[in-house]
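Everything below concerns the one structure shown next.
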Amino acid sequence: MTPRYSRRPFPAYAYVPGVDPHPRRDPKGYAYGHAEVPPPLLTPENWATHDEYRYGIDLYNHAYYWACHEALESCWHVAGHTTVTGQLLQGIIQVAAGNLKKSMKVDDGARRLWGEGLGRLAGIPDRFCGVDVRLFEREARDYAAGTRDTPALILLENL
């Protein structure tokens with residue numbers, strides 16, 4: 001069983017475009033009318049206590065890919081798009097988006113997003129912000145190739 005890193009509850013549903021009400025734009029969406037509040041800056045020093053980051057990892061691990069994208073994107077904007085932390089976040093976001101596209105049977109979109117995300121992860125240190133980046137890369141590549149189940153993002157609490 002995949003560990004949980006945040007105590008926040010999961011959304012009411014794992015949003016799939018074209019199937020479910022849009023979480024923010026549709027009045028029936030689970031986040032409709034909720035204000036978006038920027039999270040604190042994610043750093044290599046505070047990742048272990050950064051709830052939005054940890055929640056985003058939970059969302060990824062439990063196949064809430066759109067919600068993962070939203071949570072980690074807010075961290076990405078604060079971190080800066082070209083920082084090492086920003087590149088890690090964008091890489092995870094793009095892998096998650098690729099996983100969502102795969103679930104929607106949009107194979108070309110999934111492959112493009114996986115390629116972009118894995119390309120970003122290639123420039124990240126081996127272990128960064130609690131993630132064994134090389135392990136996640138290998139498992140994501142294997143998933144994209146169809147040789148394994150969805151890779152989990154396990155935070156290494158001793159980093």
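The set of residues in the range 6-41 being out of contact with any Gly (no Cβ under 9 Å at 6 or more places or on another chain), under 26 Å from Gly86 (Cα atoms) and surrounded by 15 or more Cβ atoms within 10 Å (Cβ to Cβ) consists of Phe10, Pro11, Ala14, Ala31, Pro39. Beta carbons closer than 9 Å, at least 6 apart along the sequence or on distinct chains, pair a first residue in the range 47-69 that is on the phi > 0 side of the Ramachandran plot with a second that is not hydroxyl-bearing (Ser, Thr, Tyr) for Ala63/Ala14; Ala63/Asn99; Ala63/Leu100. Looking at Ser103, Ser74, can you tell me which residue is among the polar types (S, T, N, Q) and at pLDDT below 95? Result of the check over Ser103, Ser74: Ser103.
Being more than 30 Å from Ala12 (Cβ to Cβ) and either in a helix (DSSP H, G or I) or in contact with a strand residue (DSSP E or B) (Cβ under 6 Å, 6 or more places away or on another chain) (or both): is that true of Gly119 here? When the stated conditions are applied, Gly119 passes them. Does Pro23 meet the test of being under 18 Å from Phe10 (Cα atoms), under 17 Å from the mean Cα position of the chain (by Cα) and part of a loop (DSSP other than H, G, I, E, B)? Here the answer is yes, as Pro23 does meet what is asked.
The values are calculated or read from the model by the stated rules, or taken from the named source; none is laboratory data. Keep in mind that this is a model prediction, so the values were computed, not measured. Note that each Cβ is placed from the backbone with ideal geometry, even for glycine, and that neighbours are counted across all protein chains shown.
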